[in-house]
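Structure, as structure tokens:
The values are calculated or read from the model by the stated rules, or taken from the named source; none is laboratory data. These numbers were taken from a predicted model, which means no experiment stands behind them. Please note: Cβ atoms are built from the backbone with ideal geometry, for glycine as well, and neighbour counts cover all protein chains shown.
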Amino acid sequence: MKLTAKAKLLTTIEQHAALLATLEQCNVACNWISEQAWVTKTWGQFRLHRLVYHETRRRFGLNSSLVVRCIAKVTDAYKLDKRTQRTFKLHGAIAFDHNILRWYAQTQRVSITSVAGRQHISFVCGAYHLRLLQTQQGESDLVLIKGTFYLLAPCNVEEVLEQEVEGVLGIDLGIVNLATDSDGKNYSGEALEKNRRIHAHRRRNLQHKGTKSAKRKLKILSGRQSRFQQDTNHTISKRIVAKAKDTNRAIAAENLTGIRSRTTARKQQRARLANWSFFQLKQYLAYKAKLVGVMLFEVDPRNTSRTCPVCGCIDKANRRTQALFLCTSCGYSDLADVNAARNISWRGQCQLAKRSVTTKLYDQGLGSLCQGQALRFIGE
């Protein structure tokens, strides 16, 4: 599995100027290469390399490896979209391979190529990221964030083998409660919503004021809400995975892809809905689960909040309020999010059973049987 380590470069004034000039020169070169690719309709990296390599070196004074990285950046951008000419920001990130960047994790230094020659720069990072750097592999991105240079390095992390489990922990994702598990544990979104309102109010007032000091304050506030949200999602996902690991269970979560296009909200709720970071939370769940060998299933979310787990009745009227589930058929009552999480857990158990059947069949050399034949053969 690939994880990214982040290291802050401790540059001197001269080193900062050299790296800044390198970023600017590379991105100017990328814009020129993109123009040539657009005019000649040359999208492949090797064909574009033959077309622009020598002229790029002559025009911009970059060494061979930096030119190759610039060409790769342009071709990667056109892989995403060939309908418009791609342009690049002056201080956009540039990838550095092993020819122009060397990591020395033990001494916490890097050797990096710049337009002013080779630079030897110290870096700092947390203990966790320093451990990740022991397995660094591939290209690292040089990025400029608020005037400070960072290196983002991909690292190989060995995955733990998935263990046999005794059940499934269902996770219902929401806005009022960011996550609710099938054991009844809620992870409230109240603090997140309060933080969002505070920052929205501050931004609105400062933007309305429009003075230089207000703009400076906006720069200071930039990213705080996002970092608070990321920290909250990290905390929630870590606790869920730890609980599943300790109780020897898999995790089942809803597949909410495209939910924003399928739902509508009143004007007063749009900002809160747009701030819902369920995708980020699921990403954190996925990689943390892999690190400890916990299985993660995605299940169909349809009617999980309207289904009675006792009699199976599905009715919109079962969801009396945001917080309350009351079955119109059998009278079963529970907290709505907990009820949904238990339905998700049941669907996850169905997927786990199917997976177990398939594994058993392949172990017996019967993987070509259809599912119906498989179930009859095993007698489940």
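Note on region 172-223: among residues that are of a type in the set (V, I, T) and not assigned by TED's automatic domain parsing to the domain that holds L285, the one that is modelled with the lowest pLDDT is I220. Figure legend. Inter-residue proximity from region 81-102: first residues at negative phi, second residues among the charged types (D, E, K, R) and in a loop (DSSP other than H, G, I, E, B), beta-carbon distance below 7 Å, spacing 6+ or different chains. Indicated pairs: A95/E139; F96/E139; D97/E139. Give region 283-307 a look and list any residue that's in contact (Cβ under 8 Å) with a residue 60 or more places away in the chain and of a type in the set (S, T, Y), or say none. Those that are in contact (Cβ under 8 Å) with a residue 60 or more places away in the chain and of a type in the set (S, T, Y): Y287, T304, S305.
Within this structure, S261 fails the test of being in the same structural domain as G174 (by TED's automatic domain parsing), of a type in the set (S, T, N, Q), more than 21 Å from K245 (Cα to Cα) and at pLDDT 85 or above.
Set side by side, the residues T257, T211 differ, and just one is among the β-branched types (V, I, T) and over 22 Å from the mean Cα position of the chain (by Cα), which is T211. Any idea how many residues of region 155-208 are surrounded by fewer than 16 Cβ atoms within 10 Å (Cβ to Cβ), of a type in the set (A, V, I, L, M, F, W, C) and under 22 Å from N339 (Cβ atoms)? Within region 155-208, residues that are surrounded by fewer than 16 Cβ atoms within 10 Å (Cβ to Cβ), of a type in the set (A, V, I, L, M, F, W, C) and under 22 Å from N339 (Cβ atoms) number 1. Out of everything in region 222-279 that is aromatic (F, W, Y) and free of Cβ contacts under 8 Å to residues at least 60 places away in the same chain, what residue ends up being farthest from N195 (Cα to Cα)? Top of the filtered list is F279.
Does T257 satisfy the condition of being closer than 27 Å to A336 by Cα, surrounded by fewer than 17 Cβ atoms within 10 Å (Cβ to Cβ) and of a type in the set (S, T, N, Q)? So T257 fits the description; yes.
Tell me yes or no: at least one residue of region 67-81 is under 24 Å from Q136 (Cα atoms) and surrounded by fewer than 16 Cβ atoms within 10 Å (Cβ to Cβ). Give the steps one after another, and end with the answer.
At the first step, the residues of region 67-81 found to be under 24 Å from Q136 (Cα atoms) are 67-73, 76.
This time we only want the ones that are surrounded by fewer than 16 Cβ atoms within 10 Å (Cβ to Cβ), so: 76.
Checking region 67-81: at least one residue is under 24 Å from Q136 (Cα atoms) and surrounded by fewer than 16 Cβ atoms within 10 Å (Cβ to Cβ).
Criterion first (within 17 Å of the chain's Cα centre (by Cα) and touching a residue at least 40 places away in the same chain (Cβ under 8 Å)) does A153 satisfy it? Considered against the rule, which asks whether it is within 17 Å of the chain's Cα centre (by Cα) and touching a residue at least 40 places away in the same chain (Cβ under 8 Å), A153 comes out as yes. Note on region 324-345: residues that are free of Cβ contacts under 8 Å to residues at least 24 places away in the same chain, closer than 30 Å to K245 by Cβ and outside any strand (DSSP E or B) amount to 0. The number of residues in region 200-229 that are in contact with a helix residue (DSSP H, G or I) (Cβ under 9 Å, 6 or more places away or on another chain), under 22 Å from R270 (Cα atoms) and not aliphatic (A, V, I, L, M) comes to 9. Exactly one residue out of A286, A317, A271 is outside any loop (DSSP other than H, G, I, E, B), modelled with pLDDT under 90 and more than 30 Å from R204 (Cβ to Cβ), and it is A317. Would you confirm whether or not region 48-65 contains a residue that is touching a strand residue (DSSP E or B) at 6+ places or on another chain (Cβ under 7 Å), in contact (Cβ under 8 Å) with a residue 24 or more places away in the chain and farther than 20 Å from V115 by Cα? Within region 48-65, not a single residue is touching a strand residue (DSSP E or B) at 6+ places or on another chain (Cβ under 7 Å), in contact (Cβ under 8 Å) with a residue 24 or more places away in the chain and farther than 20 Å from V115 by Cα.
Of all the criteria given as (1) in contact with a His (Cβ under 8 Å, 6 or more places away or on another chain); (2) more than 16 Å from A179 (Cα to Cα), the one not satisfied by K290 is (1). In region 279-296, the residue that is farthest from G258 (Cα to Cα) out of those that are surrounded by 19 or more Cβ atoms within 10 Å (Cβ to Cβ), of a type in the set (A, V, I, L, M, F, W, C) and over 9 Å from the mean Cα position of the chain (by Cα) is V294. Is it true that some residue in region 87-95 is loosely packed, with under 13 Cβ neighbours inside 10 Å, charged (D, E, K, R) and within 16 Å of V143 (Cα to Cα)? Checked region 87-95: at least one residue is loosely packed, with under 13 Cβ neighbours inside 10 Å, charged (D, E, K, R) and within 16 Å of V143 (Cα to Cα).
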